[in-house]
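Enquirer: For reference, the structure I am asking about is given below.
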Amino acid sequence: MTHIEQAKRNRITRDMRAVARDEHVDAVAVAAGIAAGTIVIPRNKNRRSIKAVGVGKGLRTKVNANIGTSPDHISLADEKEKLEAALAAGADALMDLSIGGNLKKIRRMILDNCPVPLGTVPIYQAACETVSRGSRITAMDAEKLFDVIEQQADEGVDFMTVHCGVTRDAVSLLERQGRLVGIVSRGGSFLARWMRKNKKENPLYEQYDRLLKIAAKYEVTLSLGDGLRPGCIHDASDGAQIAELSILGELVLRARAAGVQTMVEGPGHVPLDQVQANVVLAKRLIHDAPLYLLGPLVTDIAAGYDHITGAIGGALAASAGADFLCYVTPAEHLHLPGPDDVYTGVIASRIAGHAADIVKNVSGARVRDYNMSKYRKALDWDRQEKFALDPRRFAAERKKMISQAAGACTMCGEFCAMKEDR
């Protein structure tokens, strides 16, 4: 039985108990959330030794890190280094977005070295293998796509982004209304081109029941992708985005009925004054399923600093109810991220998530800040390091310059307000 089926029978599994312990909440509440579809635990039945991570209502905001090769840069060693950087920074989950090299070999390495849930976008492999045979992406066979989905599920992939809401009607709406930058989702653009050329419906939508059977068989969590997400703030909250979101809400209910865990992906690029409204509307349309956001980025002009624009949007979105933040790195829009970009991106999103968790009164969030402040007042640097979100950075910065005044830092030295107040 799947997690949903067991939860509906009031059976609390080992994974549910593990999540409850990690989150400092009642296991019964976790099970109730899974039964209702407001919490998911992405864990393939073939993955035995990974951490059980809960995503959803009442739990800590989680952070995902994307890694993976490109056709221009293929290195197993570099991907392993990025994997290690993401884990060192505290990523709760990873996604392999590789589109260059031996995709199965790369995925196997990541699966073997990843102790947290791993996600993929199966259409990437299907498209890459179609092109490698000398054909265009529009020649991709629907059977090939489902074969790849089952292959990756059998290998142990825990969650998959599937762009089931990119339908012919939704794409037609986008084309009629127009956009400044069009479709920016790689998977969404593949499917849109395929549908135009073949004059057929998206197979992930048309054969959704088939997809659900595979997901249930392997206990794969479906991450219903936002293939029509806005790629700039000018396009935010348009008809195509909302049309796709409405379709995904319908598919959430069908997945729950089939015992399949689902979360829904969201934008994208959204101006500050629309972030909260986007989250509230999304949560309503998707029946309070876990909401997984990229950023969102709140301005388009901060190339090189998009980890900051993403963290600003992420904090606001998570405080409004988003559950899962996909990190944005300083390399966004510029180049394939390296290990340092990965580390920085995870930390930025974790800051955003924690700031939101304070507002949402997530168990333990305020306690950590309270302890940090208590030890800051006491000038206890060792304990401050323990409660810092990034202890490694804390220790490195502290070592740069230590004041001669006992216990103080070089900002104030002997005139430290904390010191003089004692």
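Enquirer: Restricting to bridges with both residues inside the chain, how much of the DSSP beta-bridge set is antiparallel, in percent to the nearest 5? Please report the intermediate quantities before stating the final value.
Expert: Working: 4 of 30 bridges.
Antiparallel: roughly 15 percent of the beta bridges in the chain.
Enquirer: Turning to a different aspect of this structure: Where the Cα atoms of the range 132-276 are projected onto their three principal axes, how long is each span, largest first, in whole Å?
Expert: If we take the Cα atoms of the range 132-276, the spans are 41, 39, 23 Å.
Enquirer: Could you tell me the ratio Rg/Rh of the range 365-420? Both radii from Cα atoms, Rh via Kirkwood.
Expert: Using Cα coordinates only, the ratio equals 0.98.
Enquirer: Charges on Cβ only, +1 for Lys and Arg, -1 for Asp and Glu, centred on the Cα centroid of the chain; of Leu174, Ile137, Ala289, which one is farthest towards the dipole's positive end?
Expert: Checked the options; the winner is Ala289.
Enquirer: Moving on. Rounded to two decimals, what is Rg over Rh for the range 33-109 when you use alpha-carbon atoms and the Kirkwood radius?
Expert: 1.04
Enquirer: Arrange the peptides 341-351, 184-194 so that the one whose residues have, on average, the most other Cβ atoms within 10 Å appears first.
Expert: So the order, starting with the most tightly packed, is 341-351, 184-194.
Enquirer: Which distance in nm do the two modelled labels at Glu84 and Ser132 give, with both placed 7 Å along the Cα-to-Cβ direction?
Expert: With each label point 7 Å from Cα toward Cβ, the separation is 2.7 nm.
Enquirer: Can you tell which of Gln207, Gly227, Ala240 lies farthest toward the positive end of the dipole of the range 188-240, using +1 and -1 charges on the Cβ of basic and acidic side chains (Lys, Arg; Asp, Glu)?
Expert: With unit charges placed on the Cβ atoms, the residue in question is Gln207.
Enquirer: Check the straight Cα-Cα distances from Lys377 and name the aspartates and glutamates below 20 Å, setting aside those fewer than 8 residues away within the same chain.
Expert: Asp369, Glu385, Asp390, Glu397, Glu414, Glu420, Asp421
Enquirer: By count of other Cβ within 10 Å, fewest leading, how are Ser246, Ser319, Ser49 ordered?
Expert: Ser49, Ser246, Ser319
Enquirer: Which Cys residues of the chain have no other Cys beta carbon under 4.7 Å away?
Expert: Among the cysteines of the chain, those whose Cβ sits 4.7 Å or more from every other are Cys114, Cys128, Cys164, Cys232, Cys326, Cys409.
Enquirer: To the nearest Å, what is the center-to-center distance of the range 347-422 and the range 13-71, using C-alpha atoms only?
Expert: 29 Å
Enquirer: What label, among (1) 54; (2) 33; (3) 30, belongs to percent of Cα pairs over 34 Å apart computed from the structure on display?
Expert: (3)
Enquirer: Give the Cα extents of the range 249-369 along the principal axes, in whole Å, largest first.
Expert: 43, 36, 29
Enquirer: So what are the ³J(HN,Hα) numbers for the range 139-151, from phi and the Karplus equation (6.51, -1.76, 1.60; θ = phi - 60°), rounded to whole Hz, Gly and Pro as x?
Expert: Listing the rounded values in order: 8, 4, 8, 4, 4, 4, 4, 6, 4, 5, 4, 5, 4 Hz.
Where a number appears in this text, it was derived from the coordinates with a stated rule and is not lab data. Please read these numbers as outputs of a predicted model, since none were measured by experiment. Heads up, the Cβs are rebuilt from the backbone with ideal geometry, glycines too, and the neighbour counts pull from every protein chain shown.
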